There are 2 protein chains.
Amino acid sequence: MIHEEVSELQVSYGDVEEAASRLEGHARRTPVFTSGTVEERTESRVFFKCESFQRAGAFKFRGAFNALSRLPEEQQRRGVLAYSSGNHAQAIALSGRLLEIPTTVVMPGDAPEVKLRATEGYGAEVVRYDRQVTNREELGARISSERGLSVVPPYDHPDIVAGAGTAARELFEEVGPLDLLLVCCGGGGLLSGSALAARALSPGCRVVGVEPERADDAARSFRDKTLHTVHNPDTIADGARTPSLGDVTFPLVLRHVDGMATVSEGAILRAMLFLWERMKLVVEPTGALGAAALLEGSVTAPGGRVGVIVSGGNVDLRTAGDLLARAGSAE
Amino acid sequence: MIHEEVSELQVSYGDVEEAASRLEGHARRTPVFTSGTVEERTESRVFFKCESFQRAGAFKFRGAFNALSRLPEEQQRRGVLAYSSGNHAQAIALSGRLLEIPTTVVMPGDAPEVKLRATEGYGAEVVRYDRQVTNREELGARISSERGLSVVPPYDHPDIVAGAGTAARELFEEVGPLDLLLVCCGGGGLLSGSALAARALSPGCRVVGVEPERADDAARSFRDKTLHTVHNPDTIADGARTPSLGDVTFPLVLRHVDGMATVSEGAILRAMLFLWERMKLVVEPTGALGAAALLEGSVTAPGGRVGVIVSGGNVDLRTAGDLLARAGSAE
């Protein structure tokens, strides 16, 4: 399928603005960090927008709260269902608690334990499935139809994209125009929302999405203008294991994103280690994708101003030692 | 020895103010974090002042930069020597680089590798010694006399105390008066500096120092008004392994601090895990002491406003997995 029609774009920057108003007083305005070491190494000013400090530990809260806020009252009363590898789950669970909407979350059995516990802790009912044998969309559709629940998809929905775009909006508001914005890419919700904000607030800014090499469906889709998919890619960046861009996000990515980059597993681990050790930021593998592309030199803006969206910090610390040992040996 | 004379107090809040001016534009104004989970659990408003994000990863930069700035030009030219288990070392090394003062650092051979590498990275000459057989003060005195270097002690110096106090000063400026301020205690520099700031900016605030149970020399000294010491205490909080309070800090602690608390090794690990996992903050064991006392319920202020100084984030991530596994099993 070829996406070239303006009419297919289901989200505009106005939607991001409206989402920002809705999130006011509910989402955290997350801090922006800088590092002298990064600036020396990349010869650019670099601003890390740390959504790891967002409520529930990731940018996902922005889209989830926005989407749940906009549901009609009757649907809010019946409740919502989400399927998620983790961060969307927690975001939906917490948003549901804040808005008094019952939530059910369909979650792979091998999701990081920390995400599972947090989701239940926020009061959601968790339904687990085996990623190898069950299609989560089918399972979610069955449960939601049985129980009359509204499905809130993890990224492919206009309200989710608009909410996600508010993080980049805050970054531009705080630091002004940029030359380059690096955004991790799973299903493309954060990437397309960020690109909408960049187009409106910093028109000259190059927006580049970053994926793991092992889950490069969006990079191939972007290049070929045809939707490619991956199936259970073997990457530590669990937030980027999504099978493909979606009907909402793919056209937005094609229209507003300037390029895609991929990084190796070793680069992701090295970036994580750097962010932890030098910047004292607990960042999950997916959250380190943008930093990885910059620190490895695959996407740079020498002499320029660079923004990096650090998408989340929900990493299972009981396995972190292994990851970090691998990062050490990968150096 | 009994310390009760006002004349023995070598630092006043005015010195903290002057240090703050000197640090302007050099030290980072570190962010203050909050956590809904902590507030629910402790039934109080809690503000974490995160010196883990300070330059060189700990509050120590404040004192080191202040002390080096105040050295006469001739002494600056010849250079300085510091002995330190780690954070003071990095702070001196970085301050020396910024002020163009040559630095030599005497460091125990078992100091965390991350601190050692960072100290060398900032351009200091590192001299290692065996903590079990060598007295670092004697070694430092010998080298400094041979080379004509000025010794900058890690905590027991008025300029170090005054610099350290600027962190609490920023906290009060940002969040207003508090009912309780929790500060980790090794040699008492951060604690006495923080207490000076509290007395001036929030006179009703109870200031409590927190030590590991296994290195409780300051708690005993405070109780008995007599200086107690510990020798190489077996605690993961390496910043609190200092043998005792000092001539400068002990009188200040006796005069301005309201109480001392101690926490178990398990409590330190659980607090570290909480700060990492729930608040996404990379904090070293010593940096988690204040949070440990609060989260364990040993010092509380129900219904009140609490400040916690998170002193640093320089933990060796290659050993973090072990620590965190212990934290998990200690739950």
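The values are calculated or read from the model by the stated rules, or taken from the named source; none is laboratory data. From a predicted model like this one, the values you see are computed outputs, not experimental measurements. Glycine also receives a Cβ, built like all others from the backbone with ideal geometry; neighbour counts cover every protein chain displayed.
Structure notes:
- The helices (runs of 4 or more DSSP H) found wholly in segment A:203-279 and carrying at least 1 residues that are of a type in the set (D, E, K, R) and within 17 Å of the chain's Cα centre (by Cα) occupy A:217-224.
- Flag for residue A:239 being touching a strand residue (DSSP E or B) at 6+ places or on another chain (Cβ under 8 Å), within 14 Å of chain B (Cβ to nearest Cβ) and under 30 Å from residue A:8 (Cβ atoms): no
- Selection count where residues are among the small types (Gly, Ala, Ser) and away from chain A (no Cβ under 14 Å), scope segment B:294-321: 6
- Every listed requirement among (1) more than 14 Å from chain A (Cβ to nearest Cβ); (2) touching a helix residue (DSSP H, G or I) at 6+ places or on another chain (Cβ under 6 Å) is met by residue B:94 save one, (1).
- Residues within segment B:113-130 that are surrounded by fewer than 21 Cβ atoms within 10 Å (Cβ to Cβ), more than 14 Å from chain A (Cβ to nearest Cβ) and part of a loop (DSSP other than H, G, I, E, B), tallied: 1
Conditions tested, residue by residue: (1) surrounded by fewer than 22 Cβ atoms within 10 Å (Cβ to Cβ); (2) among the β-branched types (Val, Ile, Thr); (3) free of Cβ contacts under 8 Å to residues at least 60 places away in the same chain.
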| site | (1), (2), (3) |
| --- | --- |
| B:100 | yes, no, yes |
| B:110 | yes, no, yes |
| B:132 | yes, no, no |
| B:138 | yes, no, yes |
| B:143 | yes, yes, no |
| B:154 | no, no, no |
| B:175 | yes, yes, no |
| B:179 | yes, no, no |
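- Residue that is farthest from residue A:28 (Cα to Cα), among those in segment B:39-86 that are touching a Phe, Trp or Tyr at 6+ places or on another chain (Cβ under 8 Å) and within 14 Å of chain A (Cβ to nearest Cβ): B:56
- Looking only at segment B:32-46, residues that are in contact (Cβ under 8 Å) with a residue 24 or more places away in the chain and farther than 18 Å from residue A:52 by Cα come to 6 in all.
- Residue A:262 β-branched (Val, Ile, Thr), more than 9 Å from chain B (Cβ to nearest Cβ), surrounded by 24 or more Cβ atoms within 10 Å (Cβ to Cβ) and in contact with a strand residue (DSSP E or B) (Cβ under 6 Å, 6 or more places away or on another chain): no
- Residue check, residue B:257 farther than 29 Å from residue B:132 by Cβ and more than 14 Å from chain A (Cβ to nearest Cβ): yes
- On inspection, residue A:206 qualifies as more than 30 Å from residue B:118 (Cα to Cα), in contact with a strand residue (DSSP E or B) (Cβ under 7 Å, 6 or more places away or on another chain) and of a type in the set (Lys, Arg).
- Qualifying residues in segment B:139-186 (those that are of a type in the set (D, E, K, R) and part of a helix (DSSP H, G or I)) - the one modelled with the lowest pLDDT: B:142
- Against the list (1) without any contact (Cβ under 8 Å) to a residue 40 or more places away in the chain; (2) within 12 Å of another protein chain (Cβ to nearest Cβ); (3) charged (D, E, K, R), the condition residue A:29 fails is (1).
- Residues in segment A:228-240 that are touching a residue at least 40 places away in the same chain (Cβ under 8 Å), out of contact with any Ser or Thr (no Cβ under 6 Å at 6 or more places or on another chain) and closer than 9 Å to residue A:215 by Cβ: A:235 only.
- The number of residues in segment B:122-138 that are closer than 22 Å to residue B:94 by Cα and modelled with pLDDT of 90 or more comes to 8.
- Within segment A:223-243, the set of residues being of a type in the set (Ser, Thr, Tyr) and crowded, with 20+ Cβ neighbours inside 10 Å comprises A:235, A:242.
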